[in-house]
Amino acid sequence: MPETALSSRPVGKTGPSLSVFGFGAAPLGGIYKSLSDEEAAATVEAALDAGVTYFDVAPFYGMGLAERRLGTALRKRRTDTILSTKVGRLLKPVRDHKQESMYVDPLDFEVVYDYSYDGVMRSIEDSYQRLGLPSIDIVYIHDVNRKWHGDHVDQRFSEVMNGGYLALEKLRSSGVIKAIGVGVNDNEILVRFAEAGDFDCFMLAGRYTLLEQTPLDELFPLCERKGISIISAAPFNSGILATGAKAGAKYFYADAPQDILDRTRSIEAVCDRHHVPLAAAALQFALGHPVVSSVAAGSSSPAEVKANVAMTTTAIPADCWAELKSEGLIRADTPVHIR
């Protein structure tokens, strides 16, 4: 491994250690824009060279395309890395129509939800085949929340806890995988999972950022008591905390509302006074909490990888965090990360 300023943190009580910046592989599936095989390979290579050791993917990303590309790129350096994928969506061939998707040029598959014991085992076997790799370190139960399942969310929760979760427990206890978790963008459902099972980690997307700290109320204290680590994904809230409050800035995949634009401008102003890039504050924010092991963000080019790693390792003065608190822009009880 090359020398790097990226440190690592352990997952759960006995899990693997992750680089504090994690590589989110959704862009390898062509989220919002097409990416060539060559661009995808170069992006992963740049992350490896920058000292990133944690890579996260899912069958859903590009309908299998991201898993195929990531596995190919990691094959010769797999021993240097920790790899996670997700379960809950099986991919079935599309023969007579193309499923609408947020991904550009996805593979010709469509999603069938299956959180059962057999469905989760099948999902992991399918992921091995797409990745072309013999091992996966962390597996997350994916997207059991109201956004994806509406009024059927309770049914899905019961299905996975009485089925797929037992499969993951078996694989963990036998040493096939190192850690199990849940990946969603919903605090409340993670509280339910934490109370219902024995999990090592949760991937929480977009809910512990410069713009939202609601996990401090219930989820994070519960995770601390139970020894559950958090991987904080989507630190830019879908874009606005990277681009700033400019026209068309995205917040949770839609145009940012006026109150979010205003709040982001105020945060930017404080960061500017302390000569701190907004993206650096966004990437390092969650790392201030002791329950957070890594911050995972998507990168679609080598330049984006290098920029994200640089922002993760940029020094941020304590006075910047203090002013954000005194101005009421982040909660006063927020632990902060001082480099």
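Just checking, which of 123, 127, 135 is closer than 21 Å to residue 200 by Cβ and loosely packed, with under 14 Cβ neighbours inside 10 Å?
None of the others qualify; the one that does is 135.
Here is a yes/no grid of residues against (1) touching a residue at least 40 places away in the same chain (Cβ under 8 Å); (2) crowded, with 20+ Cβ neighbours inside 10 Å:
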| residue | (1), (2) |
| --- | --- |
| 186 | yes, yes |
| 192 | no, no |
| 215 | no, yes |
| 220 | yes, yes |
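Can we say residue 135 is part of a helix (DSSP H, G or I) and under 23 Å from residue 83 (Cα atoms)?
When the stated conditions are applied, residue 135 does not pass them.
Consider segment 264-277. How many of its residues are buried (at least 17 other Cβ atoms within 10 Å of the Cβ), in contact (Cβ under 8 Å) with a residue 40 or more places away in the chain and closer than 19 Å to residue 332 by Cα?
Count: 4.
Only one of (1) surrounded by fewer than 22 Cβ atoms within 10 Å (Cβ to Cβ); (2) hydrophobic (A, V, I, L, M, F, W, C); (3) closer than 28 Å to residue 31 by Cβ fails for residue 320. Which number is that?
For residue 320, the failing item is (3).
Among the residues of segment 247-263, which ones are surrounded by fewer than 24 Cβ atoms within 10 Å (Cβ to Cβ) and either touching a residue at least 60 places away in the same chain (Cβ under 8 Å) or not in a helix (DSSP H, G or I) (or both)?
If the condition is that a residue be surrounded by fewer than 24 Cβ atoms within 10 Å (Cβ to Cβ) and either touching a residue at least 60 places away in the same chain (Cβ under 8 Å) or not in a helix (DSSP H, G or I) (or both), then 247, 248, 249, 250, 251, 252, 253, 254, 255, 257, 263 are the ones that fit.
Restricting attention to segment 47-62, and to residues there that are more than 15 Å from residue 5 (Cα to Cα) and out of contact with any Ser or Thr (no Cβ under 7 Å at 6 or more places or on another chain), which single residue is surrounded by the most Cβ atoms within 10 Å (Cβ to Cβ)?
Within segment 47-62, the match that is surrounded by the most Cβ atoms within 10 Å (Cβ to Cβ) is 62.
Given the structure, is residue 270 in a loop (DSSP other than H, G, I, E, B) and in contact with a helix residue (DSSP H, G or I) (Cβ under 6 Å, 6 or more places away or on another chain)?
Judged against the criteria, residue 270 is not a match.
Please state which one of 299, 293 is surrounded by 16 or more Cβ atoms within 10 Å (Cβ to Cβ), under 30 Å from residue 36 (Cα atoms) and of a type in the set (S, T, N, Q).
299
Given 165, 128, which one is over 28 Å from residue 267 (Cβ atoms), in a helix (DSSP H, G or I), in contact (Cβ under 8 Å) with a residue 24 or more places away in the chain and hydroxyl-bearing (Ser, Thr, Tyr)?
Just a single option satisfies the conditions, and that option is 165.
Can you name the residue in segment 226-246 that is in a loop (DSSP other than H, G, I, E, B) and touching a helix residue (DSSP H, G or I) at 6+ places or on another chain (Cβ under 9 Å) and, of all such residues, is nearest to residue 209 (Cα to Cα)?
Ranking the candidates gives 235 first.
Before we move on, is residue 204 of a type in the set (A, V, I, L, M), in a strand (DSSP E or B), buried (at least 20 other Cβ atoms within 10 Å of the Cβ) and touching a strand residue (DSSP E or B) at 6+ places or on another chain (Cβ under 8 Å)?
yes
Scan segment 248-255 and give yes if some residue there is in contact with a strand residue (DSSP E or B) (Cβ under 7 Å, 6 or more places away or on another chain) and among the small types (Gly, Ala, Ser), otherwise no.
Yes, some residue in segment 248-255 is in contact with a strand residue (DSSP E or B) (Cβ under 7 Å, 6 or more places away or on another chain) and among the small types (Gly, Ala, Ser).
When segment 285-339 is examined, which residues are found to be assigned to a loop (DSSP other than H, G, I, E, B) and under 20 Å from residue 219 (Cβ atoms)?
289, 290, 291, 330, 331, 332, 333, 334, 335, 336, 337
Throughout, read-outs are computed from the coordinates displayed, never taken from laboratory work. Keep in mind it's a predicted model, so treat the numbers as computed, not measured. Cβ: placed from backbone, ideal geometry, glycine included. Neighbour counts: every protein chain shown.
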